[in-house]
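Undergrad: Sharing a structure with you now.
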């Protein structure tokens with residue numbers, strides 16, 4: 001009888017990585033879906049582990065929240081680098097591309113910049129004193145503000161600090177408005193309002209594209 005070729009059985013689902021790594025991955029997934037106050041037991045269960053193992057590696061879970069916040073900040077930094085790469089040496093186009101992406105609704109609630117705002121709100125609500133991670137988020141947002149001011153200056157627009165703050169108010173308002181107004185949401189006018197602010201500060205009046213890709 002001909003011998004059948006041996007097959008290599010794949011590892012059992014969920015156990016192909018060490019428990020610590022599985023817990024990290026499970027926490028990241030559940031933090032994104034449910035927020036950072038998800039129960040430790042739920043994370044342990046999703047990681048095919050148990051609460052004792054969770055406590056052994058991560059104590060009360062704060063190290064996982066810190067890891068999550070820093071990963072979101074790193075993803076947001078990548079987002080800005082992508083904006084710069086899309087329109088190199090064209091700060092006005094970078095600003096318009098930013099506004100277009102911020103208006104876009106597709107998969108928006110899973111975007112790191114939106115999750116970062118949600119996480120900041122959760123951290124703020126759970127402590128009487130400021131959570132240390134809020135300082136890290138604040139430092140990123142201040143860096144984002146300096147970046148927008150820099151783009152406004154590089155584009156030769158008047159009163160760049162004032163313009164940057166107007167644009168940031170629009171963007172952060174849109175980030176926090178998602179899902180609250182149904183189909184005719186105020187954020188659908190983000191690009192238009194941002195363009196009007198830019199024109200008022202000296203930018204050329206360019207048509208507002210229907211889609212972010214139209215801004216190439």
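The values are calculated or read from the model by the stated rules, or taken from the named source; none is laboratory data. Keep in mind that what you see is a predicted model, and the values were worked out from it rather than measured. Cβ: placed from backbone, ideal geometry, glycine included. Neighbour counts: every protein chain shown.
Undergrad: Please indicate, with yes or no, whether at least one residue in region 20-27 is more than 20 Å from residue 132 (Cβ to Cβ), at pLDDT 95 or above and outside any helix (DSSP H, G or I).
TA: no
Undergrad: So which residues in region 68-97 are touching a helix residue (DSSP H, G or I) at 6+ places or on another chain (Cβ under 6 Å) and in a loop (DSSP other than H, G, I, E, B)?
TA: 87 - this is the single residue of region 68-97 that is touching a helix residue (DSSP H, G or I) at 6+ places or on another chain (Cβ under 6 Å) and in a loop (DSSP other than H, G, I, E, B).
Undergrad: Let me ask something else. Which members of region 31-67 meet the condition of being in contact with a helix residue (DSSP H, G or I) (Cβ under 6 Å, 6 or more places away or on another chain), free of Cβ contacts under 8 Å to residues at least 60 places away in the same chain and either loosely packed, with under 15 Cβ neighbours inside 10 Å or part of a helix (DSSP H, G or I) (or both)?
TA: Residues satisfying the conditions are 40, 41, 43, 44, 46, 50, 51, 53, 54, 57, 58, 64.
Undergrad: Among the residues of region 161-176 satisfying the criterion of being closer than 20 Å to residue 200 by Cα and in contact (Cβ under 8 Å) with a residue 40 or more places away in the chain, which is nearest to the chain's Cα centre (by Cα)?
TA: That would be 171.
Undergrad: Looking at region 145-165, which of its residues are part of a helix (DSSP H, G or I) and surrounded by 20 or more Cβ atoms within 10 Å (Cβ to Cβ)?
TA: Result: 148, 151, 152, 163, 164.
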